[in-house]
Each structure stands twice: as structure tokens, then as C-alpha cells.
Amino acid sequence: MNKNLTIIWFSVIILFVLPTPIGRLFIDMAGGIMILLFLISIIIAGIGWFSWKSLKSNLINCKKCGATYISASENCPICGASNNSEKQETNFNIPASSATIDIEAKETD
């Protein structure tokens with residue numbers, strides 16, 4: 001019984017190793033699966049990196065206690081400090097003449 005099992009396994013291994021059409025098929029399938037696994041791991045790493053960057057851009061640090069939290073909150077969840085003072089409102093309705101800087105050209109020797 002053990003001898004028959006050894007012959008069967010030996011014939012299967014030879015079928016896969018020798019350059020027969022079945023052996024080439026399995027080698028090509030193994031290569032395709034390895035490339036697919038490599039690409040899937042690269043895609044998962046890219047999705048993780050973009051998710052981390054997106055999450056990191058939504059985090060704020062509290063100026064009083066240094067805690068980090070999501071920017072949707074107006075108050076720090078640890079110390080309760082308000083972070084509305086950080087937001088500086090810019091007035092985009094000012095005239096352009098008051099926002100421009102006058103530059104005078106001077107010749108140098």
C-alpha cells in the first residue's frame with residue numbers, strides 16, 4: 001500500500017516538473033497567482049497609505065493640553081478648550097487697491 005502511494009506522488013511530481021503541457025500549465029498558473037498576490041498587496045498598501053493621509057489631515061492638536069482629536073469637534077475632548085480662536089477668517093471682499101503693494105524700481109550702480 002505504501003509503495004503504491006509513493007509511486008503516485010512521484011508521478012504527480014514528475015508531471016509538474018517535467019516540461020509537459022500540464023507541467024507548464026501549473027507553472028504558469030503559479031506564476032500568475034504570485035503576480036496577483038504581489039499586486040493585491042501593493043494595492044492594499046496604497047489604500048492604507050491614502051487612508052492614513054486622509055485621517056491625518058482631519059486631526060487637530062489642542063494648544064492647551066496637546067491632545068489629538070478629529071477636527072469635527074469644536075472643543076477639545078480632554079480639557080474642553082475651544083479651538084475657534086485658531087480659525088482666522090479672511091475677508092475676501094476687500095478692494096484690490098488696498099491689498100496691492102506699491103513697488104518702486106531703483107537703479108543700482
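The values are calculated or read from the model by the stated rules, or taken from the named source; none is laboratory data. This one's a predicted model, so the numbers in the text were calculated from it and none came from an experiment. Cβ coordinates were reconstructed from backbone atoms using ideal geometry, including for glycine residues, and neighbour counts include every protein chain displayed.
Suppose we filter region 36-66 for residues that are surrounded by 10 or more Cβ atoms within 10 Å (Cβ to Cβ), of a type in the set (Gly, Ala, Ser), part of a helix (DSSP H, G or I) and over 8 Å from the mean Cα position of the chain (by Cα); how many remain?
The total comes to 1.
Please pick out the residue among 33, 78 that is surrounded by 10 or more Cβ atoms within 10 Å (Cβ to Cβ), at pLDDT 75 or above and in a helix (DSSP H, G or I).
33
For residues that are loosely packed, with under 11 Cβ neighbours inside 10 Å and among the polar types (S, T, N, Q), tally how many sit in region 10-27.
Selection size over region 10-27: 1.
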